[in-house]
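Peer 1: Provided herewith is a single structure, encoded as structure tokens, for subsequent inquiry.
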């Protein structure tokens, strides 16, 4: 018997660990196999222990009804197991060759050529894995995608060089947002509705700007009222174009009912059939400056006779036509006089930035050959070479190659240029800038690491971290497609969805910008609202369409992300709330502990009447969870969702549901009592370590572009150790991710 420890060296038997023997082995032995998990006979550093300690740490194991350890014993067990696992050989992982996703491609083109255009809309939707669209395994290449790359590369090369057909063309931009309210950032304060676009003007010259009002019920005989202005002497490049309605008369004239327009009714005064009332205006702006103001005449008698709609106009679309009198190509590209030497001077820096590393003569030679074949026409020849750069594997794919260091299967440091690319695609979703490439070329990037991270987070391009990571992390990317029953919720329109999205974006942005503690994600006492959203939430004292930060009192029904309309709407059905979707959202997105998918044969919710009354959402769920096989998962999910039942589908506070008082209290699987939104916030802020662990996992997944497994957990815990003292602040978590083994190293090929 004394030989047994030698025979099983490195093996932890369940009976050898008092905690496992007392609380775990009865369910997870070779005979019982509860949940398919067997703990007996496992190696002491087997990654299965990561799954076990996660459930113990969350208080979900042992399950209700089984003997449970006290809090101190459970924490001691978790600390002991994780300390043992953290002593294992570091795991760096090895993502496969990764294609740029369409957002990264668009941003790379922007930073290469100054073309800030929505090229992503011209590429197919990227597949997602592990919750993100930048995961290497999901970024495949298809014939359709290759065809789109060819098309976009041709267009980019012609726009960047001002070549191709110089004939005037017309581009149309329809109104996609509400015409009933201020459109927000980039639009002049004191305006209503309108369209804002960033348009690339391919050549120096003149361009026509046209605005078309929504014709609605006008007859063909009346035509479509439109306004036209010629912009003269426009320089080639990206310009911001705005067409909108000054709203200075709206406050004085008061609201008008039944006003047509995308998104719902707006403020504005009625015009009589002779147009004798104060007339509204429409203005054109270029790069923030007003270039033309038109007065909009009242309806004609004929329009009124054909049921024309009185009141403020709505914009249907704008058109940009041109160029006329075109004169030049792009000065940004053509930095020297036409010659073979000039071609190399243009192309070599472009290849370096596109390939994200120093380049040799052999790297540039293929593109100089393309130029040489067409060099009689200098500018088109450069355009053809640029097109080939954009189709090169070194641009389209992120390549990380094994170095000669280390043994197979062990972590090895990334090369400096590879590290620069990881950092820029993580923080900017784009290619490294010149400063980052120069630091890598000099071999000083690691020495400058913290200062480079701070610089890049301060750059406006770090807004990509908001737009890409945060939106996918929180599962809000499909908010615009949420369908709401307008008969049950007449207060809803697309404009309300826009205000929800703006509130969440500004709120998360403040957490990142101010380097606030992670607990503020749930427990912050402030939010961002405009007058419409404030009225919707019942927050007094907010006037005007601009968003501003408001501090919430202790009695407020708002505070933290869970009370945002964006989250509440995204986790509801079209006609009723869903405690299941809301609870699952918290488990998936905040705690990174998703429940298993439901069995295929689970019936839909029972909506039949009880004593002549329609069932509340809670009553439907409780009837459903009584089905055998459903309770085990719903005991984890439902209490979280029940706590948010005071908020309806569109995020308004309510005290009743279907005529019955809302019951927002419940008991968690670990026996903890949760009562309402405030109780849920208190419970989650008390589990900041779990929130931080989940957030670090999600950040690291997004940063390295692969799905994590149990071997990555020591790196996650090291990130938490580095940030715990500061309360897990957002920028600190991001910086710690960039210092982690999986981010700065890769596993050498076996």
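Peer 1: Place the peptides 47-56, 653-662, 226-235 in order of packing, highest mean first, counting for every residue the other Cβ atoms within 10 Å and averaging per peptide.
Peer 2: Numbers: 47-56: 17.8, 653-662: 12.9, 226-235: 15.4.
Those peptides, ordered most packed to least, come out 47-56, 226-235, 653-662.
Peer 1: Based on alpha-carbon atoms only, what is the radius of gyration of segment 667-750 relative to the globular estimate 2.2 N^0.38 Å? Each step should come with its number before you reach the end.
Peer 2: Numbers: Rg = 15.5 Å, N = 84, 2.2 N^0.38 = 11.8 Å.
Dividing the Cα Rg of segment 667-750 by 2.2 N^0.38 Å gives 1.31.
Peer 1: With label points built 7 Å along Cα→Cβ from the Cα atoms of residue 543 and residue 675, find their separation and express it in nm.
Peer 2: 4.0
Peer 1: Suppose R0 equals 25 Å. What FRET efficiency, 1/(1 + (r/R0)^6) with r the Cβ-Cβ distance, do residue 415 and residue 84 give to the nearest 0.05?
Peer 2: 0.15
Peer 1: Report P(r) for segment 509-603: all Cα-Cα distances, bin width 5 Å, range 0 to the bin holding the largest distance, values in whole percent.
Peer 2: Per 5 Å bin, starting at zero, the Cα-Cα P(r) for segment 509-603 comes out as 2, 11, 18, 19, 19, 15, 7, 4, 3, 1, 0 percent.
Peer 1: A further question follows. Which FRET efficiency value, to the nearest 0.05, do you get for residue 171 and residue 458 by plugging their Cβ-Cβ distance into 1/(1 + (r/R0)^6) with R0 = 51 Å? Could the numbers behind the result be given before it?
Peer 2: Details: r = 35 Å, r/R0 = 0.68.
The formula returns an efficiency of 0.90 here.
Peer 1: Counting pairwise Cα distances across the chain, what percent come out greater than 35 angstrom? Could you put the intermediate results ahead of the total?
Peer 2: On the way: 159093 of 280875 pairs.
Value for the chain (Cα pairs over 35 Å): 57 percent.
Peer 1: Next question. Any idea how far apart residue 450 and residue 71 come out in nm if each label point goes 7 Å out from Cα toward Cβ?
Peer 2: In this crude spin-label approximation the distance works out to 3.4 nm.
Peer 1: Once the Cβ-Cβ distance between residue 293 and residue 494 is put in as r, and R0 is 41 Å, what FRET efficiency do you end up with, to the nearest 0.05? Could you put the intermediate results ahead of the total?
Peer 2: Working: r = 28 Å, r/R0 = 0.68.
For residue 293 and residue 494, the calculated efficiency is 0.90.
Peer 1: Then there's this: Restricting to Cα pairs below 8 Å that are 6+ residues apart, what does the relative contact order work out to for the chain? Please round to a whole percent. Display every interim value, and only then the final one.
Peer 2: Numbers: 1246 pairs, mean separation 101.9, N = 750.
That works out to 14 percent.
Peer 1: Relative to a virtual label point 7 Å from the Cα of residue 622 in the Cα→beta-carbon direction, which members of segment 545-579 show backbone nitrogen distances below 15 Å?
Peer 2: Residues 579 qualify, since their backbone N sits under 15 Å from the label point.
Peer 1: If you build the convex hull over the alpha carbons only and average its shadow over all orientations, what do you get for segment 456-510? Give it in nm² to one decimal. Kindly include the intermediate steps, with their values, before the conclusion.
Peer 2: Numbers: hull surface 17.3 nm².
Here the figure is 4.3 nm², rounded to one decimal.
Peer 1: So how much slack lies between residue 515 and residue 48, counting 0.36 nm per residue of separation and subtracting their Cα-Cα distance, in nm?
Peer 2: Values: separation 467, 0.36 × 467 = 168.12 nm, distance 3.46 nm.
The residue 515-residue 48 span can extend by a further 164.7 nm.
Peer 1: Just to be sure I understand the model, the point goes 7 Å from the Cα along the line to the Cβ. What's the resulting residue 122 to residue 466 distance in nm?
Peer 2: In this crude spin-label approximation the distance works out to 2.8 nm.
Peer 1: Between residue 655 and residue 342, what is 0.36 nm times their sequence separation minus the Cα-Cα distance? Round to one decimal in nm.
Peer 2: Details: separation 313, 0.36 × 313 = 112.68 nm, distance 7.25 nm.
That works out to 105.4 nm of additional length.
Peer 1: What number, rounded to the nearest 500 deg cm²/dmol, is the helix-based mean residue ellipticity at 222 nm of the chain, given -39500 (n - 2.57) per DSSP H run of at least four residues and division by all its residues?
Peer 2: Numbers: 27 runs with 269 residues, N = 750.
My calculation for the chain gives -10500 deg cm²/dmol from helical runs alone.
Read-outs: derived from the displayed coordinates by stated rules, not from any lab. Here the structure is a predicted model, which is why all the values come from computation and not from measurement. Every residue, glycine as well, gets a Cβ built from its backbone with ideal geometry; the counts of neighbours run over all protein chains shown.
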